[in-house]
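What follows is a short report on a single structure.
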Amino acid sequence: MTKFDIDKISFDDEKTWNLICEGHTLGMFQCESPLVQQWLKKVKPRNIWELSVVIAGVRPGSLKSGAMDAYAAIKNGEQEPKDYKNPVIKAVLEDTNGQIIFQEQIMCLGSNLAWPDLPEQDRGVKVDTLRKAIGKKNQQKIIEIGKDFVQGCIRNGTSQEVADELFQVIQNAGRYAFNLSHSISYSHIAYKTAYLKAHYPLEFIATYLSYAREKLDKWEEIKNLVRDSQYFGIKVNPPNVNSKNLHFRITGGSIDFGLKHLKFFTSATAKLLEKLPPITDWRQLFSICFTDTYGSRMNSRTAKALIVSGAFSDLGIGRKVLLNFYNCCEGLTPKEQEFIESEMVKPEYDKITSFPILLLQYLDPNKPGRAALPKRKPIIQGMAQILNLTEADNASWIYNEEREHLGCPLTASSIDGKDITGSHTCYEANGDYPKNYKVSVAGVIEQVYMTTTKKGKNPGQQMARISISDNTGQIENLPVFPELFSEVSSLLAQRNTVLLDLYRNNQGWIVNSVKQI
């Protein structure tokens with residue numbers, strides 16, 4: 001196998017740039033946040049320079065000043081670039097569509113437009129003073145250097161109007177203007193990580209999942225990565241105690257969930273699993289949880305987490321049945337558990353549905369010690385009667401349990417089995433669509449962010465922004481504007497299942513209606 005050298009990859013790889021332009025950049029250096037993903041989809045960079053503009057331009061200064069909006073609109077042919085009618089300004093700002101994005105552009109305008117007539121040392125001091133005054137938001141210094149900048153521009157042939165306008169642009173954009181050399185360097189690293197993801201998605205996502213525990217919110221990270229894997233057609237399998245893999249690992253074309261990343265999984269459980277043979281019989285589950293057959297016992301929270309997340313799927317028994325069985329056994333006394341241990345090896349108890357019969361055997365008055373059971377007898381009989389070992393799993397229950405213990409659902413969605421479906425899945429709706437396009441999406445509300453309108457005829461009105469998911473992915477930051485919000489606010493609850501009608505404007509999807517599923 002040829003050794004792979006990341007430093008020798010092509011920076012003109014179409015597959016990589018397509019990935020970046022589509023905003024599938026989770027795990028990509030400096031490009032993971034929804035904000036950056038949004039701007040990547042707007043700008044659609046196709047080279048390192050354009051990528052560096054996005055990485056630098058998502059800083060507060062460029063966004064607040066409108067520089068990035070203008071840059072994207074000009075790049076996409078929606079707006080004409082401003083013509084300052086000055087060759088120096090054109091040379092400095094031409095590569096960013098007439099917008100100030102980088103610190104170095106401010107310094108070049110000072111050096112080449114305002115103070116080119118000064119001696120080199122004096123010019124350097126002026127330029128550095130300009131950079132520091134704006135960067136540190138020192139209002140007194142900004143006023144002083146602003147007057148000096150405008151006077152210098154006029155002295156060197158720039159009109160008063162252009163000089164004043166340009167300094168206002170510098171002041172607005174420059175406060176948080178990013179360093180060009182850093183941005184170019186970041187862009188190279190970002191591209192390399194995107195290249196690895198585009199060409200080796202299975203290895204990339206499996207590795208990234210295993211390091212999710214290093215993040216501040218590992219559950220959110222796992223959820224996002226699992227959804228991201230769906231874009232590449234990669235399945236993440238539920239945990240399995242017989243696989244014994246503590247971390248995420250590749251099996252064929254899919255990824256096995258790492259046991260260590262399961263909620264309530266302990267280091268003691270990891271050591272116990274090392275000793276265990278393959279678990280293929282319900283009686284083995286009883287042994288590892290309620291006896292010392294393997295030197296130690298699995299604690300209750302871990303056992304239940306493994307059961308509800310599907311880690312005992314090799315038993316061929318439903319998760320609810322196993323949970324009911326476990327809860328019943330947990331309610332037995334140590335002496336009763338010992339009896340179960342001694343009797344369950346008999347062949348007539350090979351199926352878990354025979355467990356109630358085994359439980360009632362403990363009440364046999366003809367066996368030694370059974371005469372002392374008057375207080376426990378009704379309890380045990382009641383347990384045997386209410387123990388449901390035929391209860392079927394349902395999608396909504398599995399969805400909630402996997403979400404709780406794995407960070408995200410892997411095998412079910414709460415909308416599975418519902419009669420109402422949308423015209424598009426979340427994954428499909430995340431594609432590119434023209435303005436005024438309409439879709440309907442059925443899914444689960446993941447987040448609800450209450451806010452107020454800032455523009456329009458009546459600013460300050462109550463509205464919301466929501467995120468919705470299904471088993472194919474998630475759509476984030478969907479606005480529910482005031483008029484609709486007043487009608488459907490009771491439906492906008494986390495984990496509620498709804499059908500959304502969406503329509504497209506220049507900024508993205510907008511919620512047109514919300515219906516309960």
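Give the residue, chosen from ILE317, ILE340, that is open to solvent by less than 20 Å² (accessible area, probe 1.4 Å) and either farther than 30 Å from LYS197 by Cα or assigned to a loop (DSSP other than H, G, I, E, B) (or both).
Just a single option satisfies the conditions, and that option is ILE340.
What pairs can you find where one residue is in the range 425-449 and at pLDDT 90 or above, the other is open to solvent by 40 Å² or more (accessible area, probe 1.4 Å) and not in a loop (DSSP other than H, G, I, E, B), and their Cβ atoms are less than 6 Å apart, with a gap of 6+ or different chains?
From the range 425-449, the pairs are TYR437/ARG504; LYS438/TYR503; SER440/ASP501; TYR449/ARG465.
Considering the range 39-64 alone, what residues qualify as being closer than 19 Å to GLN507 by Cα and aromatic (Phe, Trp, Tyr)?
TRP39 - this is the single residue of the range 39-64 that is closer than 19 Å to GLN507 by Cα and aromatic (Phe, Trp, Tyr).
Kindly indicate whether GLY310 is crowded, with 19+ Cβ neighbours inside 10 Å, at positive phi and either touching a residue at least 40 places away in the same chain (Cβ under 8 Å) or out of contact with any strand residue (DSSP E or B) (no Cβ under 8 Å at 6 or more places or on another chain) (or both).
Against the criterion (crowded, with 19+ Cβ neighbours inside 10 Å, at positive phi and either touching a residue at least 40 places away in the same chain (Cβ under 8 Å) or out of contact with any strand residue (DSSP E or B) (no Cβ under 8 Å at 6 or more places or on another chain) (or both)), GLY310 qualifies.
Taking the range 2-11 as the region of interest, how many residues are exposed (fewer than 10 other Cβ atoms within 10 Å of the Cβ) and in a loop (DSSP other than H, G, I, E, B)?
4
With the requirement that a residue be more than 23 Å from SER33 (Cβ to Cβ) and assigned to a strand (DSSP E or B), what does the range 491-513 give you?
The answer is THR497, VAL498, LEU499, LEU500, ASP501, TYR503, ASN512, SER513.
Within the range 185-227, take every residue that is closer than 17 Å to ILE9 by Cβ and free of Cβ contacts under 8 Å to residues at least 60 places away in the same chain and give me the one that is farthest from the chain's Cα centre (by Cα).
Ranking the qualifying residues of the range 185-227, first place goes to SER185.
Residues being in contact with a helix residue (DSSP H, G or I) (Cβ under 9 Å, 6 or more places away or on another chain) and surrounded by fewer than 16 Cβ atoms within 10 Å (Cβ to Cβ): count how many of those fall in the range 482-505.
1
Can you tell me which residue is farthest from SER396 (Cα to Cα) among those in the range 461-477 that are open to solvent by less than 50 Å² (accessible area, probe 1.4 Å) and over 16 Å from the mean Cα position of the chain (by Cα)?
The selected residue is MET463.
Inspect all residues belonging to the range 393-407 and state whether any of them is surrounded by fewer than 18 Cβ atoms within 10 Å (Cβ to Cβ) and within 17 Å of the chain's Cα centre (by Cα).
Within the range 393-407, one or more residues are surrounded by fewer than 18 Cβ atoms within 10 Å (Cβ to Cβ) and within 17 Å of the chain's Cα centre (by Cα).
For ALA133, are the conditions met, namely being at pLDDT below 90, among the small types (Gly, Ala, Ser) and crowded, with 17+ Cβ neighbours inside 10 Å?
Considered against the rule, which asks whether it is at pLDDT below 90, among the small types (Gly, Ala, Ser) and crowded, with 17+ Cβ neighbours inside 10 Å, ALA133 comes out as yes.
Would you mind stating whether ARG504 is without any contact (Cβ under 8 Å) to a residue 60 or more places away in the chain, among the basic types (Lys, Arg) and touching a Phe, Trp or Tyr at 6+ places or on another chain (Cβ under 8 Å)?
No, not satisfied.
Please list, ordered by residue number, the strands (runs of 3 or more DSSP E) wholly in the range 379-490 having 2 or more residues that are among the small types (Gly, Ala, Ser). Show your work before the answer.
Working: elements: 438-452, 462-470, 473-480.
Result: 438-452, 462-470.
Condition check ((1) touching a Lys or Arg at 6+ places or on another chain (Cβ under 6 Å); (2) buried (at least 16 other Cβ atoms within 10 Å of the Cβ); (3) without any contact (Cβ under 8 Å) to a residue 40 or more places away in the chain) across all residues:
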{"residue": "SER243", "(1), (2), (3)": "no, yes, yes"}
{"residue": "ILE255", "(1), (2), (3)": "no, yes, no"}
{"residue": "LEU273", "(1), (2), (3)": "yes, yes, yes"}
{"residue": "SER287", "(1), (2), (3)": "no, yes, no"}
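Among the residues of the range 257-269, how many are closer than 16 Å to GLU402 by Cβ and open to solvent by 20 Å² or more (accessible area, probe 1.4 Å)?
Adding up the residues that qualify gives 3.
Identify the residue in the range 343-366 that is farther than 14 Å from TRP282 by Cβ and in contact with an Asp or Glu (Cβ under 8 Å, 6 or more places away or on another chain) and, among all such residues, is least open to solvent (accessible area, probe 1.4 Å).
Per the criteria, the residue is TYR362.
For ARG319, only one of the following conditions fails: (1) in contact with a helix residue (DSSP H, G or I) (Cβ under 6 Å, 6 or more places away or on another chain); (2) over 23 Å from ALA412 (Cβ atoms); (3) modelled with pLDDT of 95 or more. What is its number?
Status for ARG319: all satisfied but (2).
Do you know which residues across the range 89-125 are open to solvent by 10 Å² or more (accessible area, probe 1.4 Å), among the polar types (S, T, N, Q) and not in a loop (DSSP other than H, G, I, E, B)?
GLN103, GLN105, SER111, ASN112, GLN121
Inside the range 172-192, can you point out the residues that are assigned to a helix (DSSP H, G or I), open to solvent by 30 Å² or more (accessible area, probe 1.4 Å) and under 25 Å from LYS147 (Cα atoms)?
Answer for the range 172-192, where residues must be assigned to a helix (DSSP H, G or I), open to solvent by 30 Å² or more (accessible area, probe 1.4 Å) and under 25 Å from LYS147 (Cα atoms): just ASN172.
Could you check the range 137-149 and list, in sequence order, the residues that are surrounded by fewer than 19 Cβ atoms within 10 Å (Cβ to Cβ) and either closer than 17 Å to LEU118 by Cα or touching a residue at least 60 places away in the same chain (Cβ under 8 Å) (or both)?
LYS147, ASP148
Just to be sure before I move on: is ALA163 under 22 Å from GLY66 (Cα atoms), in contact with an Asp or Glu (Cβ under 8 Å, 6 or more places away or on another chain) and part of a helix (DSSP H, G or I) in the structure I sent? Step through it out loud before you land on a result.
Numbers: under 22 Å from GLY66 (Cα atoms): yes; in contact with an Asp or Glu (Cβ under 8 Å, 6 or more places away or on another chain): no; part of a helix (DSSP H, G or I): yes.
Against the criterion (under 22 Å from GLY66 (Cα atoms), in contact with an Asp or Glu (Cβ under 8 Å, 6 or more places away or on another chain) and part of a helix (DSSP H, G or I)), ALA163 does not qualify.
The values are calculated or read from the model by the stated rules, or taken from the named source; none is laboratory data. Not measured: the values here are computed from a predicted model. Glycine gets a Cβ as well: all are built from the backbone with ideal geometry, and neighbour counts include every protein chain shown. Keep in mind that these areas ignore ligands, DNA and RNA; they rest on the heavy atoms of the full protein, side chains included. Shrake-Rupley method; radii C 1.70, N 1.55, O 1.52, S 1.80 Å.
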